[in-house]
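A.B. asks: My structure is below; once you've seen it, I'll send some questions.
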């Protein structure tokens, strides 16, 4: 058998040998393994676990912050009926406050409150703060789910 035919036979049987030695040849060897028995990547499980624990701690802090915002008495920054010189328009806004605040449970209503330039003072700032916090939580949860093999949140 001549040298050229032997080389062709080896390249057919062991195609990774056509690549330069080192990582190019090793990666070709792994890629050409039909049984995937040579896939030997380190998982960094300890490092991943520690990273997830830190993320969980950060998400838990964000959750507490959101709970505090949800339970906050927005009225403390807003005119109350006991204040002097409450005009009719302010009183009407105050009467609606409880309903508006409860309505902020929907994303659409929360966005409306945050961007309503003529809205009740204090309520707007509260809504903006809540929107910003929800955005931070969303980003952190996405990051967590990319790292965690058990994350159940769908992107």
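The values are calculated or read from the model by the stated rules, or taken from the named source; none is laboratory data. Please read these numbers as outputs of a predicted model, since none were measured by experiment. Neighbour counts are summed over all protein chains in view; Cβ atoms, including those assigned to glycine, are modelled from backbone coordinates with ideal geometry.
A.B. asks: Identify the single condition in (1) in contact with a helix residue (DSSP H, G or I) (Cβ under 9 Å, 6 or more places away or on another chain); (2) modelled with pLDDT under 90 that residue 66 does not satisfy, given that it satisfies every other one.
C.D. replies: (2)
A.B. asks: For residue 151, state whether it is at pLDDT 70 or above, closer than 30 Å to residue 48 by Cβ and assigned to a loop (DSSP other than H, G, I, E, B). Spell out the reasoning first.
C.D. replies: On the way: at pLDDT 70 or above: yes; closer than 30 Å to residue 48 by Cβ: yes; assigned to a loop (DSSP other than H, G, I, E, B): yes.
Judged against the criteria, residue 151 is a match.
A.B. asks: Here's another thing I want to ask about it. Just checking, which of 13, 31 is within 28 Å of residue 145 (Cα to Cα) and modelled with pLDDT under 90?
C.D. replies: Values: 13 fails: within 28 Å of residue 145 (Cα to Cα).
After applying the criteria, what remains is 31.
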